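Data first, discussion second: the structure below is written as structure tokens.
The values are calculated or read from the model by the stated rules, or taken from the named source; none is laboratory data. On a predicted model such as this, the values are computed, not experimentally measured, just so you know. Positions of Cβ are backbone-derived with ideal geometry, glycine not excepted, and every protein chain shown enters the neighbour counts. For accessibility, only protein heavy atoms count, side chains too; no ligands or nucleic acids. Shrake-Rupley method; radii C 1.70, N 1.55, O 1.52, S 1.80 Å.
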Amino acid sequence: MSVHEKTFKIRLRSTILWFIMGVLTIIASLFSIFLAPFSLKIRHKIALIWTWCFNFLARNLCGVKYEVFGKEHIPDAQSIIISNHQSAWETLCFSQIFPPHVWILKRALLSIPFFGWALKMCSPIAINRNNGIISIKQVIDQGKERFNNGFWILAFPEGTRMLPQHRVRYKIGAFQLSKVLNAPIVPVAHNAGYCFPKGQFCLFPGKITVIICPAVYSVNEDAVNLMQTVESCINQELIKLNA
């Protein structure tokens with residue numbers, strides 16, 4: 001898959017998508033004030049309407065479709081989803097594939113006017129990435145709380161969006177959380193960066209492939225070995241996807 005040319009049609013459709021999402025973000029942020037008294041689960045379900053709207057517009061307006069392989073590998077038990085990170089697409093659209101989950105993300109995102117306020121409704125695990133020790137503690141403390149509330153957890157251990165075929169070392173926080181929770185890890189690989197590249201305004205038409213690998217269990221493995229196992233699994237699938 002290659003990045004498409006930025007035609008007038010692609011620019012126009014992307015502009016319409018972001019205009020609609022901008023309006024919805026403002027509405028969601030203002031509406032979040034009235035949701036404060038409700039439980040995390042109720043706020044989360046309502047917030048998912050926002051992510052559903054993005055997926056609907058991406059698919060039907062911008063032509064960004066997707067196919068999923070390996071759905072049979074999704075465990076019945078609560079799990080931690082570990083995925084490569086190439087775009088905002090997987091952050092928002094994995095809600096259409098996996099059980100209700102929360103994201104691990106940098107705390108600074110919650111300070112963005114309107115967007116950050118709406119994001120809080122999704123009950124993310126917000127961490128300070130400037131301090132590795134503190135961020136790991138935040139992942140574990142908040143992760144235990146979200147897990148106890150019935151949520152799965154979605155982590156991008158690269159820590160930032162990467163261009164296709166670029167790699168960085170994984171961060172260990174989510175794997176330490178897996179050990180604490182004794183929760184399975186579901187490795188996921190995808191090539192969304194070709195349809196929605198890092199740093200790009202435009203969404204390019206195409207089909208994103210999402211591959212769900214068999215769950216990895218933390219029994220008898222320390223966090224480092226667990227991380228290496230999952231990283232190797234994801235990277236093998238990315239090679240097949242040329243991503």
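Helices from the chain with mean Kyte-Doolittle at least -1.0 and a Cα length along the axis of 20 Å or more, per DSSP H: which?
Answer set is 8-35, 40-60, 132-148, 223-240.
Among the listed pairs K120/K240; K65/K137; K71/K120; K6/K41; K45/K171, which are separated by more than 32 Å between their Cα atoms?
K120/K240; K65/K137; K6/K41
Putting +1 on Lys and Arg Cβ atoms and -1 on Asp and Glu Cβ atoms, find which of F201, W52, I140 reaches farthest to the positive end of the dipole of the chain.
F201
At R0 = 35 Å, how high is the FRET efficiency between N182 and L35 if r is their beta carbon distance? Nearest 0.05 is fine.
0.65
Please get the size of the charge dipole for the chain, origin at its Cα centre, with Cβ charges of +1 on Lys and Arg and -1 on Asp and Glu, quoted in debye to the nearest 20.
Computed about the Cα centre, the dipole is about 720 debye.
Show me 220-229, 91-100 ranked by packing, highest mean number of other Cβ atoms within 10 Å first.
91-100, 220-229
Can you give the FRET efficiency for N225 and R59, using 1/(1 + (r/R0)^6), R0 = 41 Å, r = Cβ-Cβ distance, to the nearest 0.05?
Between N225 and R59 the formula returns 0.60.
Can you work out the accessible area per residue across the chain, with the rest of the protein chains kept in place, probe 1.4 Å, in square angstrom?
Accessible area per residue, the chain: 48 Å².
Taking only DSSP H segments of four or more residues, each worth -39500 (n - 2.57), what value at 222 nm results for the chain once the sum is divided by all its residues, to the nearest 500 deg cm²/dmol?
-14000 deg cm²/dmol
Of the heavy-atom accessible surface of segment 86-142 (probe 1.4 angstrom), what whole percent is carbon and sulfur?
64 percent
So if we plug the beta-carbon distance of V168 and E5 into 1/(1 + (r/R0)^6) with R0 = 30 Å, what FRET efficiency do we get, rounded to 0.05?
According to the calculation, E is roughly 0.55.
Where does the Debye-calculated log10 I(q)/I(0) of the chain sit at q = 0.07 Å⁻¹, using only Cα point scatterers of equal weight, no solvent?
-0.22
Grab the other residues whose beta carbon is less than 11 angstrom from that of A243, score K and R as +1, D and E as -1, and report the net.
Here the count lands on +1.
On each of the three principal axes of the Cα atoms of segment 1-85, give max minus min coordinate, whole Å, ordered largest first.
45, 38, 20
How do the peptides 32-43, 110-121, 160-171 rank, highest first, by the average count of neighbouring beta carbon atoms within 10 Å per residue?
Going by the mean number of other Cβ atoms within 10 Å, highest first, we get 110-121, 160-171, 32-43.
Okay, which of segment 5-38 sit inside 16 Å, backbone N to the point 7 Å along the Cα-Cβ direction of A88?
11-29
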